[in-house]
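Comments concern the structure below.
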Amino acid sequence: MMIVGHRGAKNEAPENTFLGFDTAIKAGVTSLEIDVHKTADNHLVVIHDNTVDRTTNGQGKVTDYKLKDLLELDAGQGQKIPILEDVFKYCINKNIYLFIESKVPFIEQQIADLIGKYNTYKSCAVICFYHQFLKNIKEINNKITTGCLIHCAPIDPVSLVKNANSDFISISIQTINPDFVSQCKKAGLKICVWNANTPESYEKMKQLGVDFICTDNPSRIIKSS
């Protein structure tokens, strides 16, 4: 079972920043989850929201910013919004597995190209709530691992993943249940859950037998594990 630093260490350091990634890794995680948007000049950057308002000292939509202007913003404690390619290099150097959540459509080719460029087929996965995106990624390069993000507990999770030509499923801890786990395990599907932020919720997910547990509090969770 792998503990994943959600947005780095969301509750412990500025989310989706290198300080957050460092914080999670120092706590002991071997995997990070990040979010990706695209700038006005077609660069992929790591930020969760479609605006910069909540997580930086700026205002407006990410898509309205050119990269050079976006990089001038403070993402917390002097941190900058990371460029996705720089996060790839960082994770390779740190030997960290990377879950890449696309928050926007039509960047499948750019993500696939980066994975191919750095040969990270075995050390990253692309996840998305928009499952057609995942199917498109597989059509571009079938070697890329993909995972279906869901919030609900579907009646037939196995078919959902197969229809997206995907490899695993990622579900909220609010909706996961033993029947869901049983169906996935019987089909050989790995399960990721988000977000276990207390020792109690972590232990519950561990007992269910999931494969990946995302957390906003990696230091607290790893200390209790």
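The values are calculated or read from the model by the stated rules, or taken from the named source; none is laboratory data. Owing to the predicted nature of the structure, the values given are computational and were not obtained by experimental measurement. FYI the Cβ positions are ideal-geometry reconstructions off the backbone, even for glycines, and counts take in every protein chain you see.
Within region 180-199, residues that are more than 19 Å from residue 164 (Cα to Cα) reach partners that are of a type in the set (Phe, Trp, Tyr) and surrounded by 17 or more Cβ atoms within 10 Å (Cβ to Cβ) with beta carbons closer than 7 Å, at six or more positions or on different chains, in the pairs 196/202.
Against the list (1) at pLDDT below 95; (2) in contact with a helix residue (DSSP H, G or I) (Cβ under 6 Å, 6 or more places away or on another chain), the condition residue 223 fails is (2).
Residue 198 - would you say it is under 19 Å from residue 127 (Cβ atoms) and not aliphatic (A, V, I, L, M)? When the stated conditions are applied, residue 198 does not pass them. Contact map, region 60-75: residues that are in contact (Cβ under 8 Å) with a residue 60 or more places away in the chain paired with residues that are among the polar types (S, T, N, Q), Cβ distance under 9 Å, separation 6+ or inter-chain. Pairs shown: 75/16; 75/17; 75/55; 75/56; 75/57. The set of residues in region 135-166 that are assigned to a loop (DSSP other than H, G, I, E, B), under 15 Å from the mean Cα position of the chain (by Cα) and surrounded by 17 or more Cβ atoms within 10 Å (Cβ to Cβ) contains only 144.
Confirm whether residue 170 is touching a residue at least 24 places away in the same chain (Cβ under 8 Å), among the polar types (S, T, N, Q), part of a strand (DSSP E or B) and surrounded by 15 or more Cβ atoms within 10 Å (Cβ to Cβ). It is true that residue 170 is touching a residue at least 24 places away in the same chain (Cβ under 8 Å), among the polar types (S, T, N, Q), part of a strand (DSSP E or B) and surrounded by 15 or more Cβ atoms within 10 Å (Cβ to Cβ).
Restricting region 84-122 to residues that are under 18 Å from residue 134 (Cα atoms), of a type in the set (Val, Ile, Thr) and in contact (Cβ under 8 Å) with a residue 40 or more places away in the chain, the residue that is surrounded by the most Cβ atoms within 10 Å (Cβ to Cβ) is 100.
Quick grid of which residues meet (1) farther than 16 Å from residue 75 by Cα; (2) within 18 Å of the chain's Cα centre (by Cα); (3) surrounded by 21 or more Cβ atoms within 10 Å (Cβ to Cβ):
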residue: 20; (1), (2), (3): no, yes, yes
residue: 25; (1), (2), (3): yes, yes, yes
residue: 34; (1), (2), (3): no, yes, yes
residue: 38; (1), (2), (3): yes, yes, no
residue: 41; (1), (2), (3): yes, no, no
residue: 50; (1), (2), (3): no, yes, no
residue: 53; (1), (2), (3): no, no, no
residue: 60; (1), (2), (3): no, no, no
